[in-house]
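Q: Before anything else, here's the structure in question.
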Amino acid sequence: MEELQLTHVPELFDECLAFWHAGEGDYRGAVKGLNPLALELARRNYELWHEEDQARRTDVDDGVIASVKRRIDVLNQARNDMIEKLDEHIMAWLMGKGVNGLEGDVNSETPGSIVDRISIMSLKVYHMHEDTLRSDITADHRE
């Protein structure tokens, strides 16, 4: 089994976001050192984030919003599937290292869910910074 690479995940997600927002094409080979499943999960979150932006539009009729909401549902399911795949990969990797069970307290979040949260945090930081660069906001909003 391929070695599990989850080190420096926040920085690698940040690299992905810069790449994707620049529209640089195929992302799969863009960032080295990130587990391919974690990369795919981050991509799903990126797509979901931008689709949710479309759902907040007020300049289109309800039919457009309904269509966007359906795409959000599909993306959310794909995201959840990717979290499960990442969990399976992490558990298989751990078992290959001789870890056959979890002792003590079991956390409510799976390793894949934690990677998902890191990906979403990178998106929030990216977009909050982007928001501070807008010229149509007040100083209070920027702060």
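The values are calculated or read from the model by the stated rules, or taken from the named source; none is laboratory data. Owing to the predicted nature of the structure, the values given are computational and were not obtained by experimental measurement. Note that we place each Cβ from the backbone using ideal geometry, even for glycine, and neighbour counts take in every protein chain shown. Areas reflect the complete protein model, heavy atoms only, side chains present, ligands, DNA and RNA absent. Shrake-Rupley method; radii C 1.70, N 1.55, O 1.52, S 1.80 Å.
Q: Please go through the range 58-93 and pick out each residue that is touching an Asp or Glu at 6+ places or on another chain (Cβ under 7 Å), open to solvent by 50 Å² or more (accessible area, probe 1.4 Å) and within 20 Å of Gly112 (Cβ to Cβ).
A: The answer is none; no residue qualifies.
Q: Okay, next question. Within the range 40-94, can you find the residues that are out of contact with any helix residue (DSSP H, G or I) (no Cβ under 6 Å at 6 or more places or on another chain), touching a residue at least 24 places away in the same chain (Cβ under 8 Å) and closer than 17 Å to Leu17 by Cβ?
A: Correct list: Arg43 only.
Q: For the condition of a type outside the set (Asp, Glu), at pLDDT 90 or above and not in a helix (DSSP H, G or I), what is the one hit in Val64, Val31, Val60? Before you say what the answer is, go through the steps one by one.
A: On the way: Val64 fails: not in a helix (DSSP H, G or I); Val31 fails: at pLDDT 90 or above.
Residue meeting the stated conditions: Val60.
Q: Between a residue in the range 122-143 that is within 22 Å of Leu39 (Cβ to Cβ) and any residue that is open to solvent by less than 90 Å² (accessible area, probe 1.4 Å) and among the polar types (S, T, N, Q), which pairs come within a Cβ distance under 9 Å, given they are 6 or more apart or on different chains?
A: Qualifying pairs under 9 Å: Ser122/Asn45; Leu123/Asn45.
Q: For Ser135, state whether it is surrounded by fewer than 16 Cβ atoms within 10 Å (Cβ to Cβ), under 22 Å from the mean Cα position of the chain (by Cα) and in a loop (DSSP other than H, G, I, E, B).
A: Criteria not met by Ser135.
Q: Out of the residues in the range 94-107 that are open to solvent by 70 Å² or more (accessible area, probe 1.4 Å) and of a type in the set (A, V, I, L, M, F, W, C), which is modelled with the lowest pLDDT?
A: Leu102
Q: Can you find a residue in the range 108-120 that is open to solvent by 70 Å² or more (accessible area, probe 1.4 Å), in a helix (DSSP H, G or I) and at pLDDT 90 or above?
A: yes
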